[in-house]
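For reference, the structure discussed in these notes is given below.
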């Protein structure tokens, strides 16, 4: 009953969420020279750097490595943003929390949704790049993309609910999440295929719910194949559990937000 009431409250404030999403998207690069182009430039520049390092310096022999990396990097940046910048989002909206009555869950929800839309905009480049690079267009595989995206959104939302609530009381968490995101980038098959990992370590790698998500994106956009949805089942279950835990933790900690902030 508590969850049902909470979701009703959140739905009642859907206009507020929408307005905050619009405000966040407009304000992300406000005043910068390239403005909204940074949505595309950030992942592109990172891909360029890693492509040089792994294609020429470390000699990581993967065909069309720029595409291989781009397809994995963009979803990862969405998740990383959800736990790093997302950790401080309640503090950033201190004025709203202190002065206005509304479900506090609105704050991480709008932030993750805004970051998710930011990721979707990058797919405007990824999909044509994939087709231009000669990847076979597989309609059935492309129809799986929304499923993969929703699963990642659920995982990101659950994580953001937890870190944004805890960070109000433990301010060092935002710095810790930055370290976790940096380490996670190397323990998720973003810059390398899972097959390059020793066989005995591959099951451990797959315990990371983002591993099957990244691999599934790559199956569609790099290999042109239908992803193995059974491998996504673990990520989906993990995401649902994390989301429920996130709402519980956030619900308990939000009671003293105004006081602590």
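Is there a residue being without any contact (Cβ under 8 Å) to a residue 40 or more places away in the chain, within 27 Å of residue 253 (Cβ to Cβ) and either within 10 Å of the chain's Cα centre (by Cα) or in a loop (DSSP other than H, G, I, E, B) (or both) anywhere in segment 96-111? Yes, some residue in segment 96-111 is without any contact (Cβ under 8 Å) to a residue 40 or more places away in the chain, within 27 Å of residue 253 (Cβ to Cβ) and either within 10 Å of the chain's Cα centre (by Cα) or in a loop (DSSP other than H, G, I, E, B) (or both). Of all residues in segment 49-66, none satisfies being modelled with pLDDT of 90 or more and either loosely packed, with under 12 Cβ neighbours inside 10 Å or under 21 Å from the mean Cα position of the chain (by Cα) (or both).
A single member of 146, 128 is more than 17 Å from residue 215 (Cα to Cα), free of Cβ contacts under 8 Å to residues at least 60 places away in the same chain, part of a helix (DSSP H, G or I) and out of contact with any helix residue (DSSP H, G or I) (no Cβ under 8 Å at 6 or more places or on another chain), and it is 128. Residues satisfying the criterion are absent from segment 192-204 (criterion: in contact (Cβ under 8 Å) with a residue 60 or more places away in the chain, more than 30 Å from residue 128 (Cα to Cα) and out of contact with any strand residue (DSSP E or B) (no Cβ under 6 Å at 6 or more places or on another chain)). Residues of segment 72-93 that are touching a helix residue (DSSP H, G or I) at 6+ places or on another chain (Cβ under 8 Å) and under 23 Å from residue 256 (Cα atoms): 82, 83, 84, 85, 86, 87, 88, 89, 90, 91, 93. Residue 194 passes every criterion in (1) within 17 Å of the chain's Cα centre (by Cα); (2) within 20 Å of residue 65 (Cα to Cα); (3) buried (at least 16 other Cβ atoms within 10 Å of the Cβ) apart from (1).
Just wondering, is there one or more residues in segment 127-141 that are under 24 Å from residue 184 (Cβ atoms) and more than 11 Å from the chain's Cα centre (by Cα)? Checked segment 127-141: no residue is under 24 Å from residue 184 (Cβ atoms) and more than 11 Å from the chain's Cα centre (by Cα).
Count of segment 224-247 residues, restricted to those that are touching a residue at least 24 places away in the same chain (Cβ under 8 Å) and closer than 15 Å to residue 143 by Cα, is 6. In segment 162-186, the qualifying residues are those that are over 14 Å from residue 85 (Cβ atoms) and surrounded by 15 or more Cβ atoms within 10 Å (Cβ to Cβ), and the one that is modelled with the lowest pLDDT is 185. Within segment 136-153, is even one residue surrounded by 19 or more Cβ atoms within 10 Å (Cβ to Cβ), farther than 24 Å from residue 207 by Cβ and either at pLDDT below 95 or out of contact with any strand residue (DSSP E or B) (no Cβ under 9 Å at 6 or more places or on another chain) (or both)? Looking through segment 136-153, at least one residue is surrounded by 19 or more Cβ atoms within 10 Å (Cβ to Cβ), farther than 24 Å from residue 207 by Cβ and either at pLDDT below 95 or out of contact with any strand residue (DSSP E or B) (no Cβ under 9 Å at 6 or more places or on another chain) (or both).
Checked across segment 116-125, the condition of being modelled with pLDDT under 90, under 17 Å from residue 220 (Cβ atoms) and over 21 Å from the mean Cα position of the chain (by Cα) holds for no residue.
The values are calculated or read from the model by the stated rules, or taken from the named source; none is laboratory data. Computed from a prediction, not measured in an experiment: that's the story for all the values here. Here Cβ is always computed from backbone atoms with ideal geometry, including for glycine, and neighbour counts include all displayed protein chains.
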